[in-house]
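The values are calculated or read from the model by the stated rules, or taken from the named source; none is laboratory data. Note that this is a predicted model, so its numbers are computed, not measured. We place every Cβ from the backbone using ideal geometry, glycine too, and count neighbours over all the protein chains shown.
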Amino acid sequence: MRAPIGPRWLPLIILAFGLLEIPWVIYLLFFQERTGTAQHTHLAVLGLSGGAALLAVMAGLRLWQARPCAAPLSVMTATWMAANLYFAMVLSAVPVVAATVVGFLVAAISAGAVLRDPDERPARWQPLVLFAVAAVMALRLALTFTGTGTSIAADHLRLLVVLYDTAEVVALLGLGLSLRAGRARAGIVFGSMGIVLFFLDAFVNIVVVPSGQAFVAALFYAVVGEVPSIAMCVGAVVLAMRRWTEVAPGPAVGAKMGA
């Protein structure tokens, strides 16, 4: 039986945060506005596309160097790409970028390969494709940033918010249960997902709302919700990485990383 990862109180707090968010999701399901208007969308595009490109480069570099930290970086890249795809699929005014699909698939494949066998060097094509995806996204960002309007109609807003917050609940509950069960690889996946999901939640909420009461509310939710969740996910990923990269005791040379 695997020993729990980290202090006993950490998974309990993470699980509590996840459980407390369930009533909030239920509330949003019935009372969230169906449509709205997103403001400052040129800044949102800059953050969403620029962040995806940056993460793709970081993950690609670590994959090229065959570093263990390529695992969480690849999961974070895949999650960021998936979030961009989700926004584009739900909001009619946001176009789907083909490079995002490629980036999501390659990052997910890379993360699975590293987590499955960290001693095996990743295929060279994986980081090269991520570099190419980052270049395409950066080029598209440079071409579209100045042409992007400052606001768009956010149709299907309730669907967008409810499903996104549900993904956050899944990340927190999965992370807490993984830490309690001592499953390092699952903890890395759920924790890395949580970092990106909560960061993007705070970023988008703060950027796209108009100034005034809505902006103050977005800051409040970030302080009491997203920031603590990000901190817990970061700490959990660090602890899970330490467990995962432990060298098994014994005389064997080149022992694999912990499960």
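Here are the numbers for this structure:
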| item | result |
| --- | --- |
| Tally, over the stretch 198-231, of residues that are farther than 22 Å from Leu173 by Cβ and among the aliphatic types (A, V, I, L, M) | 11 |
| Pair list, Cβ < 6 Å and 6+ apart or interchain, from the stretch 53-64 residues that are over 11 Å from Ser110 (Cα atoms) and in the same structural domain as Val75 (by TED's automatic domain parsing) to residues that are among the aromatic types (Phe, Trp, Tyr) and in a helix (DSSP H, G or I) | Leu55/Trp80 |
| Pairs, first assigned by TED's automatic domain parsing to the domain that holds Asp201 and without any contact (Cβ under 8 Å) to a residue 60 or more places away in the chain in the stretch 215-226, second surrounded by 15 or more Cβ atoms within 10 Å (Cβ to Cβ) and not in a helix (DSSP H, G or I), C-beta under 9 Å, six or more apart | Phe215/Val209; Ala217/Val209; Ala218/Val209 |
| Members of the stretch 65-83 that are surrounded by fewer than 23 Cβ atoms within 10 Å (Cβ to Cβ) and free of Cβ contacts under 8 Å to residues at least 40 places away in the same chain | Gln65, Arg67, Ala82 |
| Test: Leu61 is buried (at least 17 other Cβ atoms within 10 Å of the Cβ) and touching a helix residue (DSSP H, G or I) at 6+ places or on another chain (Cβ under 8 Å) | no |
| Count - residues of the stretch 91-115 that are in contact with a Phe, Trp or Tyr (Cβ under 9 Å, 6 or more places away or on another chain) and among the aliphatic types (A, V, I, L, M) | 4 |
| Residue pairs meeting the criteria (Cβ under 7 Å; at least 6 apart or on separate chains; first outside the structural domain of Gly174 (by TED's automatic domain parsing), in the stretch 1-23; second part of a loop (DSSP other than H, G, I, E, B) and surrounded by 12 or more Cβ atoms within 10 Å (Cβ to Cβ)) | none |
